[in-house]
1. Is it the case that the stretch 164-183 has a residue that's part of a helix (DSSP H, G or I), more than 30 Å from His72 (Cα to Cα) and open to solvent by 100 Å² or more (accessible area, probe 1.4 Å)?
2. Val150: within 30 Å of Asn317 (Cβ to Cβ), modelled with pLDDT of 90 or more and of a type in the set (A, V, I, L, M), yes or no?
3. Would the stretch 246-269 turn up any residue that is under 30 Å from Gln323 (Cβ atoms), among the polar types (S, T, N, Q) and touching a strand residue (DSSP E or B) at 6+ places or on another chain (Cβ under 8 Å)?
4. Consider Thr251 carefully, then state whether it is within 15 Å of Pro59 (Cα to Cα) and either in contact with a Leu (Cβ under 8 Å, 6 or more places away or on another chain) or open to solvent by 10 Å² or more (accessible area, probe 1.4 Å) (or both).
5. Test Lys281 against the stated conditions and say whether it is open to solvent by 70 Å² or more (accessible area, probe 1.4 Å) and without any contact (Cβ under 8 Å) to a residue 24 or more places away in the chain.
6. Just one of Val313, Val273 is surrounded by 20 or more Cβ atoms within 10 Å (Cβ to Cβ) and either part of a helix (DSSP H, G or I) or on the phi > 0 side of the Ramachandran plot (or both); which is it?
7. For Ala146, state whether it is surrounded by 17 or more Cβ atoms within 10 Å (Cβ to Cβ) and over 18 Å from Tyr253 (Cα atoms).
8. Just wondering, is there one or more residues in the stretch 192-205 that are under 22 Å from Asn317 (Cβ atoms), among the polar types (S, T, N, Q) and not in a loop (DSSP other than H, G, I, E, B)?
Amino acid sequence: MLAWRRLNTDVFNKGEGNEAGMNRSWLPLKRLQRIAFGLLTLAATNAGAAITSRYNLPPPGSALAQEMYELHDFMLIICGAIFVLVFGVMFYSIWKHRRSKGAVAANWHENTTVEIVWTVIPFIIIILMALPATRTIVAMKDTGNADVTVKATGYQWQWGYDYIRGEGEGIGFLSQLATPRSQIEGDEAKTPNYLSEVTHPLVVPVNQKIRIITTANDVIHSWGVPALGVKQDAIPGFTRDAWFRGDQIGTFYGRCYELCGKDHAFMPIAVQVVSAEDYTKWVASRREAMAALADDPAKAWTQTELVARGEKVYAANCQACHQPTGLGAPPAFPAVAGSKVVANTPELVQILLNGRNAMPSWKGLSDVELGAVATHVKSSFGNKGGIVQPADFRAARK
């Protein structure tokens, strides 16, 4: 404070300073200059490390993502150059024309030449930025001539995939978080792909155009994989589309990018890009698995069969909210133990199909899975028991 007072006294009070006093008064500014120079040197030294840090965009896995990456760097360089130029001129002017050197402000306004220059130059900069950006945006919207078309449906809190055109047509499955609860709660060490691993990744062939049609079953979600340069909102009652073409074999991760409720953070996306040969093998094995698991909803299932199947469905889809004990987390997630709703079979069927309050609709599950989980909750957690046949849900859907 004393140094700054000397600065104010020596510099701004006319006729009261001397050369020695002036030198002492500028000591704080010299220190600031050294600090600023050190910070700039540190920033330049760490610039290379920042490029590969987790704060940068992920390494691109498609040509479209590569364009976005280069466009991002191009815009950043332009903005950085403008920042340095503008603030450099401003600080130079402040320093060069400071009062202590006897500078006197000019009394003028208007300069046609300057006004033309600072209008034309920004216009040229905008054009230079807009041309490549427009080209990339137009390419992002071109979803035609796709080799494979997949519908991605958002549910609270999982993704449903249906291959509706191209090789693999007819395949469908649900993809859920595969990270065990013990890791989330801190009871086990976290794996490298913590909260990114899924039960069933979206598998696509390399170097083929994949069209993604997005929609949602309950609330707004957003499907995206940054490394593949694709992101699209999934809105209930609407369909949107986007595309990508993976040019590298590997697994690329994303997640839901729209806040969608309690377990929004536990809704990852994994896209596995494989060779054409491996994709054909995957399609064949998936169809075999689907045929083996095909259930006949018209079959009269026993209570034992349904309870055993329903326990797995409950663990995968229900226990995050209603808890493994069935006690829930009232009032948002009521208990299923001793529930009057669980005891009322018609009401239970309607809630499972259409949802209620915070509970989403589970129409994405098969009739057998719904019948199984309904029978499981009616027969567990101290409830009196009962059986709900898959045929009951098939009839309720009509």
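1. yes
2. Working: within 30 Å of Asn317 (Cβ to Cβ): yes; modelled with pLDDT of 90 or more: yes; of a type in the set (A, V, I, L, M): yes.
It is true that Val150 is within 30 Å of Asn317 (Cβ to Cβ), modelled with pLDDT of 90 or more and of a type in the set (A, V, I, L, M).
3. Restricting attention to the stretch 246-269, the residues satisfying the condition of being under 30 Å from Gln323 (Cβ atoms) are 253-269.
Next cut, among the polar types (S, T, N, Q) only: none.
Checked against the condition, which is being under 30 Å from Gln323 (Cβ atoms), among the polar types (S, T, N, Q) and touching a strand residue (DSSP E or B) at 6+ places or on another chain (Cβ under 8 Å), the stretch 246-269 yields no hits at all.
4. On the way: within 15 Å of Pro59 (Cα to Cα): yes; either in contact with a Leu (Cβ under 8 Å, 6 or more places away or on another chain) or open to solvent by 10 Å² or more (accessible area, probe 1.4 Å) (or both): yes.
Yes; evaluated as a whole, the condition is true for this residue.
5. In short, yes.
6. Result of the check over Val313, Val273: Val313.
7. Against the criterion (surrounded by 17 or more Cβ atoms within 10 Å (Cβ to Cβ) and over 18 Å from Tyr253 (Cα atoms)), Ala146 qualifies.
8. Looking for residues that are under 22 Å from Asn317 (Cβ atoms), among the polar types (S, T, N, Q) and not in a loop (DSSP other than H, G, I, E, B), one finds none in the stretch 192-205, hence no.
The values are calculated or read from the model by the stated rules, or taken from the named source; none is laboratory data. Small disclaimer: the values here were computed from a predicted structure and weren't measured. Every residue, glycine as well, gets a Cβ built from its backbone with ideal geometry; the counts of neighbours run over all protein chains shown. Each accessible area value is taken on the protein alone, full model and side chains, heavy atoms only, with ligands, DNA and RNA left out. Shrake-Rupley method; radii C 1.70, N 1.55, O 1.52, S 1.80 Å.
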